[in-house]
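Accompanying notes for the structure given below.
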Amino acid sequence: MQSPDLSQNYFELFGLKPVFAIDPVRLKTAQQRLQASFHPDRHVNDSDRDRRLSVQVTSWINQAFDTLQDPVKRSKYLLEISGAEIPDDSTTTSDVDFLMEQIELREAVEACRDAPDGLEQCHRIEDKLTQRAAELANEFVACFAEEDLPGSVTISRKMQFIQRIQQQLDELQFELEGR
């Protein structure tokens with residue numbers, strides 16, 4: 001079995017340029033093509049070595065796809081391959097306005113729990129979060145294009161915070177729909 005070059009970065013693996021704004025259809029098509037070639041089911045009659053390699057390569061393809069399809073992971077990966085120092089996930093931002101925005105959003109999400117129109121409120125917050133995520137993505141693209149790695153790291157962290165609130169909101173919506 002001829003495996004891909006495991007020293008490639010994820011963008012190279014999928015034949016994409018290392019930029020934030022990627023074509024999700026092209027990413028999915030490349031992922032499916034690679035999976036079709038290397039999936040372990042295609043190598044059941046191969047040697048033990050080739051079957052193990054198939055599992056390893058498939059895992060690497062899955063990890064690469066998971067990273068590139070998620071905007072926050074993609075931004076962090078771009079920063080990583082560009083040599084930026086990325087703080088651990090527990091590091092917070094010193095942007096007071098952004099911290100206040102986060103607190104307000106978390107409080108709004110929590111208020112939905114007991115509100116009579118909780119699901120409607122959730123949808124309004126979801127719209128705000130989607131818009132905010134898009135704004136931050138645009139800021140990241142501009143900052144990264146200017147090769148401002150520290151600024152790009154800060155924006156990537158903000159994107160991560162917004163994504164966490166989106167996940168909490170999704171969980172709450174699921175809970176409220178189940179009532």
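None of the figures in this text is laboratory data; all of them are computed from the coordinates on show. Keep in mind that this is a model prediction, so the values were computed, not measured. Here the Cβ is made from the backbone with ideal geometry for all residues, glycine too, and neighbour counts use every protein chain on show.
I need the calculated FRET efficiency for the pair Gln131 and Leu99, taking r as the beta carbon distance and R₀ as 22 Å, to the nearest 0.05.
E between Gln131 and Leu99, to the nearest 0.05, is 0.70.
For a quick check of your reading of the filter: which trypsin sites (Lys or Arg not before Pro) in region 73-138 sit in a DSSP loop and have no more than 13 other Cβ atoms within 10 Å?
For trypsin sites (Lys or Arg not before Pro) across region 73-138 that sit outside H, G, I, E and B with at most 13 neighbouring Cβ atoms in 10 Å, the list reads Arg113.
Starting from the Cα of Asp117, step 7 Å along the direction of its Cβ; do the same at Leu6; then give the gap between the two resulting points in nm.
Those two pseudo-labels are separated by 5.7 nm.
Which of the aspartates and glutamates could a cross-linker bridge to Lys73, judged by Cα under 14 Å and excluding same-chain residues fewer than eight apart?
Those aspartates and glutamates meeting the cut-off are Asp88, Asp89.
Around His39, which amide H atoms from residues at least 5 apart in sequence, or from another chain, sit under 5 Å from its own amide H, with H modelled in the peptide plane?
none
What relative contact order, as a whole-number percentage, does the chain give when Cα pairs under 8 Å and 6 or more residues apart are counted?
Contact order relative to length: 21 percent.
How large is the direction-averaged shadow of the alpha-carbon convex hull of region 10-69, in nm²?
If I average the Cα hull's projected area over directions, I get 3.8 nm².
Given that just one value was derived from the coordinates, which of [x] 18.3; [y] 13.0; [z] 9.9 is mean projected area of the Cα convex hull in nm²?
Correct label is [y].
If I take R0 = 41 Å and measure r between the Cβ atoms of Ala142 and Phe174 in this structure, what FRET efficiency does the formula 1/(1 + (r/R0)^6) give, to the nearest 0.05?
0.75
Any idea what the relative contact order of region 96-177 is, in percent, if you count C-alpha pairs under 8 Å spaced at least 6 apart?
Averaging sequence separation for qualifying contacts and normalising by length gives 39 percent for region 96-177.
May I ask you to compute the full-extension gain from Val19 to Arg124, defined as 0.36 nm times their residue separation minus their alpha-carbon distance, rounded to one decimal in nm?
34.7 nm
Between Arg42 and Asp70, how many nm apart are label points set 7 Å from Cα along the C-beta direction?
2.6 nm
What ranking do 82-88, 171-177, 49-55 get when scored by the average of other Cβ atoms within 10 Å per residue, highest first?
Peptide ranking by packing, descending: 49-55, 171-177, 82-88.
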